[in-house]
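Trainee: Would you mind keeping the following structure in view while I ask a few things?
The values are calculated or read from the model by the stated rules, or taken from the named source; none is laboratory data. Worth saying up front: this structure is predicted, and the values here are computed from it rather than measured. FYI the Cβ positions are ideal-geometry reconstructions off the backbone, even for glycines, and counts take in every protein chain you see. Side chains included, ligands, DNA and RNA excluded: accessible areas come from the protein's heavy atoms. Shrake-Rupley method; radii C 1.70, N 1.55, O 1.52, S 1.80 Å.
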Amino acid sequence: MADLKAGRCSNTAEVRLLRVWEARNINKGMELMSLDMLLIDENSTVVHGTVSALLQLRFRPRMTEGSVYTLSGFDVTRSSPKYRLSDAPVAIRFNDGTEFEKLATTSRTIPTEHFRFRPYDQILGLANTGRQLPDVMGELSAIRSTITDRIPGAQRVMLNLRLESDTTVCVSIFDSLALAFHSKLDVYGKEPRIVVVTAVNPKLVSGKLYLNGTSATPVTFYYPRRLPSGGTDQAGSSSKVVHAQKIEPMTVSELNQFIFTADPQIIEFLCTAKVTEIQLDEGWCYIGCSTCSKKLIREETSFTCVPCNETNAVAKLKYRVILSVSDDTGAAAFLGFDEEIASLTHVLASDAAHIVGIGTNAQVDIDLPRSLANLVGSTYTFQLRLKDFNFGPNHRSFTISRIFPARDLAPKPTFSDGGEDTDQSIPQSVATGLDVGAGIVNNGADQLTDADGARMVHEAAASGEDAGEATARKKARVE
């Protein structure tokens, strides 16, 4: 397959089906868009393949991971530069004339597995770029899970893995993959020592690396007698399952009282309140980096992104909206960033307004978008994340981490050991044709943003600034 050229291919290839997964569109009720797969030949060339939803019923019943097939009559296209699962310059698409037949035996020596492991420094370099989905292997040191406590809502498992470089990273897997992980634990009867997680999306949040699972992410367990560190496995896994902690509901008055009476801490609460106003004294958006979402520094003829060390950064408009809210007990200001507001309005900030000019001359000065104005009068359940600065004397707002319709209480749990929390910013799959060559799209509002950032990236985008007292104006200001 290394010699494939773009166009219709009539040659017959003998390949092994390494992995297959469903590609679904989160924005269309999880509509099936395609089947995606990884194929490998005897030369260890791995190619990403796609079967459209219209053809999946024809091919899906005969697909078995690990089996060998003859493949002919397929289309060859260029691999997308985004979310790549293989190093091949081309990808394969099945069509009406494609033949894909399982072989009972083969005389060829075709690898049964293939991994794209990357050292820590290379994974760090891929963070927030959306270019590659590498594989990672590490020693399991802790498991944090929401499933064991049967808390409703999105399910998540977070694995702490110690890599060969003696660096520990957090790997998050979600929903069906998280359930599959627990099912595998039940089958094996004990926790593994070595875990291989494939096709992860690296995220850099507040200087710390997180690896988010995708729909192409299976988890493989290994139980070696000798560990990568040189020690031996005498007593089994020393990791522990940390139970999830339910997020408590609070009224607005109770929230306001809590920050004055409690000690500084990181904690989350639920609060159901009505949006009474969009505060515009500090504007409703900011000019952020298209890669990391941090606020850009305006130079004379360009934008500079300090976290990305980029002096000619690509700018993109991001939400930073202060909502005046109230319930029967009181009033408060809730601060929402790009992901949360975009998921609520279904409109990107970059679609609601445009940046005119560049550098110090850049301006965004428009009326409040209708999509934001329509929020006034609606009641939502807000999941709020409080940090140390919320307990200081200059506190004036609560940061939103998720928003639900008032009738839909499905909070995401935090973890009782106080570990760092990242959102499921990554991908379910989508079909080919959405400029995502690996068939990956974000799980939730991240699908709306090219930056594909986790919610904490957006939360940090304005460098922890608090909202000020607001007076509404007709025109919005952008910093």
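Trainee: With θ taken as phi - 60° and the coefficients 6.51, -1.76 and 1.60, list the Karplus ³J(HN,Hα) couplings across region 205-218 in order, rounded to whole Hz; mark glycine and proline as x.
Mentor: Each residue of region 205-218 in turn: 10, 6, x, 10, 8, 10, 10, 9, x, 10, 5, 9, 9, x Hz.
Trainee: Under the Karplus relation 6.51 cos²θ - 1.76 cosθ + 1.60, θ = phi - 60°, what is the ordered set of whole-Hz ³J(HN,Hα) values for region 111-121, x standing for Gly and Pro?
Mentor: Going residue by residue, I get x, 8, 8, 8, 10, 10, 5, 10, x, 3, 5 Hz, with x marking Gly and Pro.
Trainee: What FRET efficiency would be calculated for the residue pair ARG370, ALA331, taking the C-beta separation as r and a Förster radius of 30 Å, to the nearest 0.05? Can you show the working numbers first?
Mentor: On the way: r = 24 Å, r/R0 = 0.81.
The computed FRET efficiency comes out at 0.80.
Trainee: In terms of modelled amide H atoms, which long-range or inter-chain residues lie less than 5 Å from the amide H of ARG320?
Mentor: Amide H neighbours of ARG320: CYS285, TYR286.
Trainee: Report, in listed order, any pair from LYS28/LYS295; LYS294/LYS387; LYS82/LYS316; LYS318/LYS387 with a Cα-Cα distance greater than 28 Å. Walk me through the numbers before you get to the answer.
Mentor: On the way: LYS28/LYS295 31 Å; LYS294/LYS387 19 Å; LYS82/LYS316 18 Å; LYS318/LYS387 22 Å.
Those over the limit are LYS28/LYS295.
Trainee: Explain nothing, just compute: Karplus ³J(HN,Hα) = 6.51 cos²θ - 1.76 cosθ + 1.60, θ = phi - 60°, for every residue of region 67-83 in order, whole Hz, x for Gly and Pro.
Mentor: Karplus values, whole Hz, x for Gly and Pro: 7, 9, 9, 9, 10, 8, x, 10, 9, 10, 10, 6, 5, 5, x, 10, 6.
Trainee: Can I ask one more? Check which residues have an amide H placed less than 5 Å from ARG24's amide H, if you skip close sequence neighbours.
Mentor: Sorted by chain and number, the residues that satisfy this are MET33, SER429, VAL430.
Trainee: Moving on to the next point. Could I have the simple spin-label model distance between SER253 and PHE389, label points 7 Å from Cα toward Cβ, reported in nm to one decimal?
Mentor: 3.0 nm
Trainee: Convert 20 °C to kelvin, take the viscosity as 1.002 mPa s, use the Kirkwood radius over C-alpha pairs of region 70-186 as Rh, and evaluate the Stokes-Einstein diffusion coefficient in µm²/s, rounded to a whole number.
Mentor: Estimated via Stokes-Einstein, D reaches 120 µm²/s.
Trainee: Right, something else. Viscosity 0.890 mPa s, temperature 25 °C: give me the Stokes-Einstein translational D for region 158-220 in µm²/s, with Rh taken as the Kirkwood radius over C-alpha pairs.
Mentor: Roughly 198 µm²/s, to the nearest whole number.
Trainee: HIS354 to SER165: extension gain in nm, 0.36 nm per residue of separation minus the Cα-Cα distance?
Mentor: Length difference between fully extended and current span is 63.6 nm.
Trainee: Can you check what the net charge comes to around GLU254, using other residues whose Cβ is under 15 Å from the Cβ of GLU254 (Lys, Arg +1; Asp, Glu -1)?
Mentor: Result for the neighbourhood of GLU254: -4.
Trainee: Hey, got the Cα dimensions of region 264-409 along the principal axes, in Å, largest first?
Mentor: Dimensions of region 264-409 along the principal axes of its Cα atoms: 50, 36, 25 Å.
Trainee: Given a 1.4 angstrom probe, what's the average accessible area per residue across region 1-75, in square angstrom?
Mentor: Accessible area per residue: 46 Å².
Trainee: So how do 112-121, 201-210, 335-344 stack up, highest first, on mean other-Cβ count within 10 Å?
Mentor: 335-344, 201-210, 112-121
Trainee: Using only the alpha-carbon atoms of region 52-103, report the extent along each of the three principal axes, biggest first, to the nearest angstrom.
Mentor: Extents along the principal axes, in whole Å: 30, 24, 18.
Trainee: Before I look further, what does region 78-181 give for accessible area per residue, probe 1.4 Å, in whole square angstrom?
Mentor: For region 78-181, the solvent-accessible area averages 48 Å² per residue.
Trainee: At 1.4 Å probe size, what's the solvent-accessible area of VAL51? Round to the nearest 10 Å².
Mentor: Looks like 0 Å² after rounding.
Trainee: Additional query: Express the carbon and sulfur contribution to the solvent-accessible surface of region 68-175 as a percent, rounded to the nearest whole number, probe 1.4 angstrom.
Mentor: 47 percent
Trainee: Quick one: with all protein chains in place, what share of the accessible area of region 315-410 is carbon or sulfur, to the nearest percent (1.4 Å probe)?
Mentor: Whole-percent figure for carbon plus sulfur exposure: 47.
Trainee: Next up: For region 20-129, compute Rh as the Kirkwood radius over C-alpha pairs and then the Stokes-Einstein diffusion coefficient at 37 °C and 0.692 mPa s; write the answer in µm²/s, rounded to an integer.
Mentor: Once the numbers are plugged in, D ends up at 210 µm²/s.
Trainee: Follow-up question, since we're still on this one. Among 247-255, 278-286, what's the highest-first ranking by average C-beta atoms within 10 angstrom per residue?
Mentor: The densest-packed peptide leads the list: 278-286, 247-255.
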